[in-house]
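Nothing in this text is a laboratory measurement; each read-out follows from the coordinates by a stated rule. Remember, predicted model here, so these are calculated numbers, not experimental data. So basically every Cβ, Gly included, is an ideal-geometry build from the backbone, and we count neighbours across all protein chains shown.
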Amino acid sequence: MKSVRIGPVLGSRVSGVDLSEVDEAGAAQIEAMLAEHEVLVFPDQPISADAQLRFGRLFGELAVSPFSPTAAEAPELIVLDYSKDTSPPLTDIWHADETYRPAPPKFTILKAIITPELGGDTMFCSMRAAYEGLSDRLQRHIAGLTAHHGFGRFAKMLAGDAEGMKRLHVVEEDFPHPNHPIVSVHPITGKRILYVNRHFTEHINELPDDEGRAILELLIQQTTRPEHQLRVSWEPGTLVMWDNRSVQHYAPHDYWPQRRRMERVTVEGDPPIADGEDGTVTWSPVRVDGVSQPDRPDLEIPRRPHQK
Ligand SMILES: O=C(O)CCC(=O)C(=O)O
Ligand SMILES: [Fe+2]
């Protein structure tokens, strides 16, 4: 497998592998590359849906989304197929996938089947870089805070009629809205990550309303800084895998009403690890074979030098 960095802060293009034939050792290698680069682009992988499901299962259980359109034969396979006959999807908003779950997915694996002639890229933002871009003072201010996450646009989509409202109540019982740390710690790299997003994060729990709203907006705005981003263009057969713990993404609807068909599998994850309230890290590393990681459980993560 050959990995070539494609962005200054995140992203790598990986060649020399057939994803329908990866074994456990290959998966461990991919997981290590993902921890380092956050987004992996695999060009020219026209693998079947079954092969994509199998590839995803190498990394853990696959999640079933309560909202996204799924294939009839495999609820773990999300099919995003949009054209002039369908309304555009709800993905033109910065988000990490499914942070309305107490344990959001760790990886998303998205493959292009039909791509538009123009447009239809996906944008990614490293929330590690976004955290590192904050001033030392703001980093200290937000240490230890938590935020409430909800269903975002999906709730509004369902709330349109009585049937939808019923379904919304059922989903709400199955997925009680969680609180997540605002700064989480990556389980493999130990790096800090800004863990709030435009789609699902509703409010900061420990601050007065007005103060919390202003700070949340400031933090969410970090995704819009081009310096933190990577933009990926798709061809049929491009497969992209991202670390949903440390990146957010945004799919512009600039292609619609041209047709674009994507298929996705999502690997279940663990609850995000909180940073300690006093700025020290609460550390519980997840062991992954073949990945080098710091061996000190009380690892001190150095702060960035003070910004001018
Ligand atoms: O269509 C895309 O490029 C991304 C859609 C999305 O948000 C997702 O698959 O999680
Ligand atoms: Fe998404």
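Please find the FRET efficiency linking L118 to E21, where r is the Cβ-Cβ separation and R0 is fixed at 35 Å, and quote it to the nearest 0.05. With R0 = 35 Å, the Cβ-Cβ based efficiency is 0.55. Simple point charges give the picture: +1 on the Cβ of Lys and Arg, -1 on the Cβ of Asp and Glu, and for segment 2-274 a dipole about the Cα centre of about 560 debye.
Calculate how many DSSP beta bridges within segment 2-274 are antiparallel, expressed in % of all such bridges and rounded to the nearest 5. Let's see the in-between values first.
Working: 48 of 50 bridges.
So the antiparallel bridges amount to about 95 percent of the total.
Selection among A251, L218, V267 by position relative to the dipole of the chain gives L218 as farthest towards the positive end (Cβ unit charges, Cα centre).
Can you give me the relative contact order of the chain as a percent, contacts being Cα pairs under 8 Å and 6 or more apart? Mind dumping the intermediate values first?
Values: 649 pairs, mean separation 103.2, N = 308.
Once normalised by length, the contact order is 33 percent.
The packing ranking, built from the mean of other Cβ atoms within 10 Å per residue, places the peptides 206-217, 191-202, 59-70 in the order 191-202, 59-70, 206-217, highest first.
Extension gain for I93 to E173 (0.36 nm times residue separation, less C-alpha to C-alpha distance): 26.3 nm. Built from the Cα atoms of the chain, the convex hull projects on average onto 16.4 nm², one quarter of its surface area. Each of F154, F124 was scored by other Cβ atoms within 10 Å of its Cβ. Arranged with the fewest first, they read F154, F124.
Once fully extended, how much extra length lies between D44 and A71, figured as 0.36 nm per residue of separation less the alpha-carbon to alpha-carbon distance?
Details: separation 27, 0.36 × 27 = 9.72 nm, distance 2.27 nm.
Result: 7.4 nm gained on full extension.
Ordering G56, G133, P75 by Cα displacement along the dipole of segment 2-274 toward the positive end leaves G133 in first place; charges were set at the Cβ atoms of Lys, Arg (+1) and Asp, Glu (-1). Comparing S20, V183, F154 along the charge dipole axis of the chain, the residue lying farthest to the positive side is V183, per the Cβ-charge model. Computed over segment 129-179, the P(r) curve from all C-alpha pair distances, binned at 10 Å from the origin, holds 21, 32, 19, 21, 7 percent per bin.
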